[in-house]
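Visitor: I'd like to ask some things about the structure below.
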């Protein structure tokens with residue numbers, strides 16, 4: 001009997017599981033749907049907020065280089081995802097890939113890690129959506145401030161976040177194809193707003209704002225090492241550094257959040273009509289589109305306003321609307337707020353879609369309660385699981401303050417990227433016979449570069465983020481040994497128990 005920690009789930013078994021009558025997803029998606037999902041989830045909070053504040057606080061005009069660095073890292077990982085998804089077109093993304101290569105325990109760790117990425121990401125973006133909702137419609141909270149909130153005693157409830165999570169949950173339950181059509185409409189709106197920002201902003205560029213392109217490093221503010229310092233800073237003893245090359249590198253780790261989500265395309269492989277062809281095109285196509293848009297926005301933003309005017313300063317982060325306000329284009333604020341509202345809507349949707357598909361795969365494998373992986377016979381979606389996820393995300397986003405958790409999403413995603421890149425190398429050695437709809441060129445070179453690039457970005461995240469990440473992983477390990485190891489379907493097949501636990 002195989003070691004419970006290292007037992008793998010064969011690619012053939014993973015494929016066979018997709019045909020279980022009560023645990024089967026409907027194949028509704030084509031390459032256009034996948035590109036829409038990719039663009040829909042990536043163009044969101046990053047382009048409307050993180051771009052501006054990070055340019056002011058960390059990189060200056062060189063923020064465009066930070067985006068290029070982050071994009072290169074994502075591209076390396078995307079190639080690995082494309083090969084894996086075209087080889088094992090099964091729901092679960094990195095979790096499923098890890099199960100086929102490194103074994104059950106690491107697969108569980110990856111799944112637990114992806115729960116962190118998608119759930120925290122959806123909650124963070126839901127609160128951002130609520131903030132823009134208040135800006136667009138002028139809602140005010142109990143304290144008189146502009147917000148979509150109300151008070152219950154001493155507690156503040158973010159009703160805006162509750163509304164968007166409820167809407168998204170209903171759409172996801174009704175079907176992935178419907179979600180794709182809705183995403184296509186909303187994505188067209190926000191891409192239009194982004195193009196307006198680029199074209200309009202071009203006429204307000206002042207070339208002097210690009211000088212110096214990489215500002216001199218500053219270590220006075222926040223130079224003392226702390227848990228808010230990057231791990232690299234603590235290791236090297238530099239403390240916190242703004243600007244200069246260290247600032248550009250730190251900014252790359254932060255703006256990486258703006259690319260979060262393109263890997264969601266891989267989680268929909270099981271619902272794609274021709275996954276071996278369309279999933280690689282969806283992943284790489286969506287990443288190429290958003291990278292071009294991001295770099296153009298950064299060039300325009302830092303050309304319109306001197307980077308020092310974009311610094312956080314009194315603690316209130318600047319956003320894209322502020323850049324236009326500083327140039328006297330006040331009408332653009334509402335347009336940008338509407339674009340952001342549209343953008344964040346689809347981000348919440350696709351993050352929750354990814355979350356449901358990862359948990360669906362884990363439940364179907366028995367690592368979490370298997371009954372939750374049953375699909376609705378009418379809609380072909382894991383309705384019960386989707387509703388549960390909606391309730392959890394709504395509770396977190398609606399009733400709890402969420403501060404500085406973007407980096408938690410980053411560290412989780414980068415860790416998953418590393419394992420997927422390593423899995424590509426491993427699966428080529430162990431299963432060279434498998435049909436691959438797409439193969440990463442250059443042998444093992446690109447997967448190795450992907451691993452190194454992700455490790456570098458992880459080192460430039462704060463020590464506090466690492467502490468939180470380790471705590472989350474320790475909790476996941478405990479759940480695995482207390483529940484998942486004993487209920488694993490792979491383990492039950494080995495013990496000959498599978499017939500008696502069809503819905504256990």
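Visitor: Among residues belonging to the stretch 252-272 that are assigned to a helix (DSSP H, G or I) and in contact with a strand residue (DSSP E or B) (Cβ under 8 Å, 6 or more places away or on another chain), point out the one that is modelled with the highest pLDDT.
Guide: Across the stretch 252-272, the extreme among qualifying residues is 253.
Visitor: Sticking with this one: Only one of 428, 486, 468, 436 is part of a helix (DSSP H, G or I) and either in contact with a strand residue (DSSP E or B) (Cβ under 7 Å, 6 or more places away or on another chain) or over 20 Å from residue 109 (Cα atoms) (or both); which?
Guide: From the options 428, 486, 468, 436, the qualifying one is 428.
Visitor: Somewhere in the stretch 371-391, is a residue part of a loop (DSSP other than H, G, I, E, B), out of contact with any strand residue (DSSP E or B) (no Cβ under 7 Å at 6 or more places or on another chain) and within 16 Å of residue 96 (Cβ to Cβ)?
Guide: The answer is yes; a qualifying residue exists.
Visitor: Report, ordered by the first and then the second residue, all pairs with beta carbons closer than 6 Å, sequence separation of six or more or different chains, a first member in the stretch 128-153 that is modelled with pLDDT of 70 or more, and a second member that is in a loop (DSSP other than H, G, I, E, B) and buried (at least 19 other Cβ atoms within 10 Å of the Cβ).
Guide: 130/148; 133/148; 134/147; 134/148; 139/148; 141/147
Visitor: Can you find, within the stretch 13-32, the residue that is modelled with the highest pLDDT among those that are over 30 Å from residue 287 (Cβ atoms), out of contact with any helix residue (DSSP H, G or I) (no Cβ under 9 Å at 6 or more places or on another chain) and outside any loop (DSSP other than H, G, I, E, B)?
Guide: The extreme case among them is 16.
Visitor: Say whether the condition of being over 30 Å from residue 310 (Cβ atoms), assigned to a helix (DSSP H, G or I) and either modelled with pLDDT of 75 or more or touching a helix residue (DSSP H, G or I) at 6+ places or on another chain (Cβ under 7 Å) (or both) is met by at least one residue in the stretch 56-74.
Guide: No.
Visitor: Now, a different point. Please verify whether residue 41 is within 14 Å of the chain's Cα centre (by Cα) and over 19 Å from residue 321 (Cα atoms), treating the condition exactly as stated.
Guide: yes
Visitor: From the list 124, 165, pick out the single residue that is modelled with pLDDT of 85 or more and either in a helix (DSSP H, G or I) or closer than 30 Å to residue 377 by Cβ (or both).
Guide: None of the others qualify; the one that does is 165.
Visitor: Given the criterion at pLDDT below 75 and farther than 30 Å from residue 292 by Cα, identify the matching residue among 4, 89.
Guide: Among 4, 89, only 4 is at pLDDT below 75 and farther than 30 Å from residue 292 by Cα.
Visitor: Among (1) surrounded by fewer than 24 Cβ atoms within 10 Å (Cβ to Cβ); (2) more than 23 Å from the chain's Cα centre (by Cα); (3) modelled with pLDDT of 85 or more, there is one condition residue 333 misses while meeting the rest; what is its number?
Guide: For residue 333, the exception is condition (3).
Visitor: Which number in (1) buried (at least 16 other Cβ atoms within 10 Å of the Cβ); (2) within 23 Å of residue 118 (Cβ to Cβ); (3) modelled with pLDDT of 90 or more marks the one condition that residue 449 misses?
Guide: Only one criterion is unmet by residue 449, namely (2).
Visitor: Of all residues in the stretch 461-484, count the ones that are crowded, with 20+ Cβ neighbours inside 10 Å and within 30 Å of residue 243 (Cα to Cα).
Guide: Total meeting the criteria: 4.
Visitor: Go through the residues of the stretch 370-385 one by one and say whether even a single one is surrounded by fewer than 23 Cβ atoms within 10 Å (Cβ to Cβ), closer than 30 Å to residue 204 by Cα and modelled with pLDDT under 85.
Guide: No, the conditions are met nowhere in the stretch 370-385.
Yes or no, residue by residue, for (1) closer than 16 Å to residue 39 by Cβ; (2) surrounded by fewer than 24 Cβ atoms within 10 Å (Cβ to Cβ); (3) modelled with pLDDT under 85; (4) in contact with a helix residue (DSSP H, G or I) (Cβ under 7 Å, 6 or more places away or on another chain):
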| site | (1), (2), (3), (4) |
| --- | --- |
| 274 | no, yes, yes, no |
| 290 | yes, no, no, yes |
| 297 | yes, no, no, yes |
| 309 | no, yes, yes, yes |
| 314 | no, yes, yes, no |
| 320 | no, no, yes, yes |
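Visitor: In addition: Let me confirm something: among 192, 239, which residue is modelled with pLDDT of 70 or more and touching a helix residue (DSSP H, G or I) at 6+ places or on another chain (Cβ under 9 Å)?
Guide: After ruling out the rest, the residue left standing is 192.
The values are calculated or read from the model by the stated rules, or taken from the named source; none is laboratory data. Since this is a predicted model, take the numbers as computed values, not measurements. Neighbour counts run over all protein chains shown; Cβ positions are idealised from the backbone, glycine included.
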